[in-house]
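A short worksheet on the structure shown next.
The values are calculated or read from the model by the stated rules, or taken from the named source; none is laboratory data. Keep in mind that what you see is a predicted model, and the values were worked out from it rather than measured. FYI the Cβ positions are ideal-geometry reconstructions off the backbone, even for glycines, and counts take in every protein chain you see. Surface areas here come from the heavy atoms of the whole protein model, side chains and all, with no ligands, DNA or RNA. Shrake-Rupley method; radii C 1.70, N 1.55, O 1.52, S 1.80 Å.
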Amino acid sequence: MITVLVAYAGKRGGTREIAEVIGAELRAAGLVVDVRDAGEVGGVTEYGAVVVGSALYYARWRPEAVRLLERNTEALRARPVWLFHSGPCGPGANLARVSLPARVTLLAAAIDAGRTETFGGRLDPALADGVLEKLLARGGRVGDFRDWHRIRSWARDIGRRVRSRVVI
Ligand SMILES: Cc1cc2nc3c(=O)[nH]c(=O)nc-3n(C[C@H](O)[C@H](O)[C@H](O)COP(=O)(O)O)c2cc1C
């Protein structure tokens, strides 16, 4: 049985919920799944496939997700890896394709990961704590722009590929 790791990094829980939904779809596809905070992942060698997702803050990935890629580059290269990030809010949030930050682009190339998927994010002023975050969260982009249909369908595709071992 193949075990899949779904590791996430975020600040306000939005990316964790995406990871949980991805995990649920992979389980429904008959896979064994660990959904873990990226900061709590010790290693990846016990997994047959890995999904890593980060929230975008100031065009960067969260450090826990970057460190996971940095510390496990060799092992990740030896297994199928899918990357996603979540961030864009407001009209067109789910049409946006955000490029990976430079450091993560290099890591993704070293790992030989496929194209990164961009999912809309969630901006909730009630959850913002810094002054700047509060200002940002007060703009016209407040709301939940996570498209669960897209997220589920992406996860189902990964499930099919892992099960059939066709990984492109
Ligand atoms: C201070 C701040 C900076 C942000 N910077 C970006 C950004 O550069 N690009 C982007 O697409 N989204 C950005 N976002 C939106 C977040 O990525 C979005 O709210 C995401 O869903 C947060 O995920 P989390 O709940 O897991 O922390 C920013 C949000 C805040 C509050």
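Reported value for the range 3-164: 102 Å³ per residue, from the convex hull of its C-alpha atoms.
Using the 1.4 Å probe convention, the accessible area of the range 3-164 works out to 49 Å² per residue with neighbouring protein chains retained. In a fully extended conformation the segment linking Asp112 and Leu127 would gain 1.9 nm over its present Cα-Cα distance, using 0.36 nm per residue.
Using a probe radius of 1.4 angstrom, the carbon and sulfur fraction of the accessible surface of the chain is 51%.
Cα axis of helix 14-28 to longest principal axis of the chain: angle in degrees, 0 to 90, nearest 10? Taking Cα atoms only, the helix is inclined about 30 degrees. The mean sequence distance of close C-alpha pairs (under 8 Å, at least 6 residues apart), as a share of the length of the chain, puts its relative contact order at 24 percent.
How many percent of DSSP beta bridges within the range 1-139 run antiparallel, rounded to 5? Could the numbers behind the result be given before it?
Numbers: 2 of 23 bridges.
DSSP beta bridges in the range 1-139 are roughly 10 percent antiparallel.
Taking label points 7 Å from Cα along the Cα-to-Cβ direction, Glu20 and Arg97 give a separation of 3.1 nm. Summing charges over neighbours of Arg146, with a neighbour being any other residue whose Cβ is under 10 Å away from its Cβ, gives -1 when K and R count +1 and D and E count -1.
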